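For reference, the structure is listed below as structure tokens.
The values are calculated or read from the model by the stated rules, or taken from the named source; none is laboratory data. All figures in this text were calculated on a predicted structure; none of them were measured in a lab. Here the Cβ positions follow ideal geometry from the backbone for every residue, glycine too, while neighbour counts run over all protein chains shown.
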Amino acid sequence: MPPRTSSTAVTLSALARSAKPELSTSQCAARPGQQQCTAGFSTTTSREALSVPRRMFLDFMNTGGRRYRRHTPGETNYIQPRGMPPNNNMPFPINPLFRSRPVLDDKARELIWEKIMKNGETIKAVSAELGVDIRRVAAVVRLKEVEKDWEARGKKLAKPYAKAILEMLPTKTFKAGMQNKPFEPINELHVHPYTMQQLFWPTSESRHFTREDAAKAFHEKLLSADKRVPHPELIQMERELAEGSSQLVAAGRFKDAVMESERKAAEKQVQKALAEEKSTTRVQTKRFEFRFKEINSELVGPKGKARSAVGWRYGAPYYDRAKGQIKIPTSVP
């Protein structure tokens, strides 16, 4: 009869087996040399090896990309493709078709603000002189006014942040009193939806078909291209120069024309504001101000969707997808 083991020895051997960490098959891969096996009760994640793109990036930063670690003042610090000259307007080497457009630096914005707010020049004159779009000139003046107001009230401006952003982008500056290179096209024509249709318009060969006739062919109320451009006064100045007028005389007439144009636009805005105020009845309460207007419910247009009709601003229903509606054009322009 074989000897029996004591109960104490059995208990100790069971405790020893339970104290050993058991490794699951999910924690040990088929290649144990590449992945570290961890215990089932461990909360520490195993260290993963660097990926190939990460290793390539570190190798690049330790060799040729070492000079991109710190920004060079006055340069965009764009990555230069191999075998190509240095560039200041191509931020993505793999996409050479994308070009970074220059922005106005602080000196150029200050010059625009001084010309309009201090010297009293018109927006159109400054736009034509510096070659900056009218909308950009107006935006620069508004933002400069906000900046001056904040400085007067003692607010702290993020000058270091703005300087860092401008150093990372190509910039454009202007020199006062000198002939500067235009910053962008200023007389581009917006494509009107009426001009997107194809027309066959019969006309006499002996007649001179002008831009006015082309506009009337598309729509009876459509203005010609010479009147829809942002600077129609420039076209008139070029015509005077072509007729033999001197540059000084043509420039003086241009400034007078843009001054008169802006004066009429300002008067029109003032009259519109006065008419709006006159037709509005205001009732002040403790918390709110109620505004009432007299509206004619009959002035809704031929289809009941006129812009001046009641309820237009609150949403007018469209019946484009409704059944039984006529979807084809019923008239030819």
Scanning the stretch 82-119 residue by residue, those more than 22 Å from the chain's Cα centre (by Cα), modelled with pLDDT of 90 or more and not charged (D, E, K, R) turn out to be Leu111, Ile116, Met117, Asn119
Checking Arg321 against (1) within 35 Å of the chain's Cα centre (by Cα); (2) surrounded by 10 or more Cβ atoms within 10 Å (Cβ to Cβ), which test does it fail? (2)
Just the residues that are over 15 Å from Gly120 (Cα atoms) and not polar (S, T, N, Q), please, taken from the stretch 241-256. Leu241, Ala242, Glu243, Gly244, Leu248, Val249, Ala250, Ala251, Gly252, Arg253, Phe254
Exactly one condition in (1) of a type outside the set (Gly, Ala, Ser); (2) free of Cβ contacts under 8 Å to residues at least 40 places away in the same chain; (3) in contact with a His (Cβ under 9 Å, 6 or more places away or on another chain) is not met by Met168; state its number. (2)
Check on Ser297, surrounded by 10 or more Cβ atoms within 10 Å (Cβ to Cβ) and among the hydroxyl-bearing types (Ser, Thr, Tyr): no
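The rows are residues; the columns are (1) at pLDDT below 90; (2) surrounded by fewer than 10 Cβ atoms within 10 Å (Cβ to Cβ); (3) not charged (D, E, K, R).
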residue: Thr210; (1), (2), (3): no, no, yes
residue: Lys221; (1), (2), (3): no, yes, no
residue: Ala242; (1), (2), (3): no, yes, yes
residue: Ala250; (1), (2), (3): no, no, yes
residue: Arg263; (1), (2), (3): no, no, no
residue: Arg282; (1), (2), (3): no, yes, no
Could you pull out the residue among Lys107, Lys118 that is surrounded by fewer than 16 Cβ atoms within 10 Å (Cβ to Cβ), out of contact with any helix residue (DSSP H, G or I) (no Cβ under 8 Å at 6 or more places or on another chain) and within 15 Å of Phe183 (Cα to Cα)? Lys107
Given the options Val126, Val137, Val132, name the one that is part of a loop (DSSP other than H, G, I, E, B) and under 25 Å from Ala250 (Cα atoms). Val132
Just one of the numbered conditions (1) surrounded by fewer than 13 Cβ atoms within 10 Å (Cβ to Cβ); (2) assigned to a loop (DSSP other than H, G, I, E, B) is not true of Lys227; which one? (2)
When you scan the stretch 156-198, how many residues do you find that are assigned to a loop (DSSP other than H, G, I, E, B), closer than 27 Å to Ile123 by Cβ and charged (D, E, K, R)? 4
Tell me whether the stretch 64-80 contains one or more residues that are modelled with pLDDT of 90 or more, assigned to a loop (DSSP other than H, G, I, E, B) and either touching a helix residue (DSSP H, G or I) at 6+ places or on another chain (Cβ under 7 Å) or within 29 Å of Leu234 (Cα to Cα) (or both). no
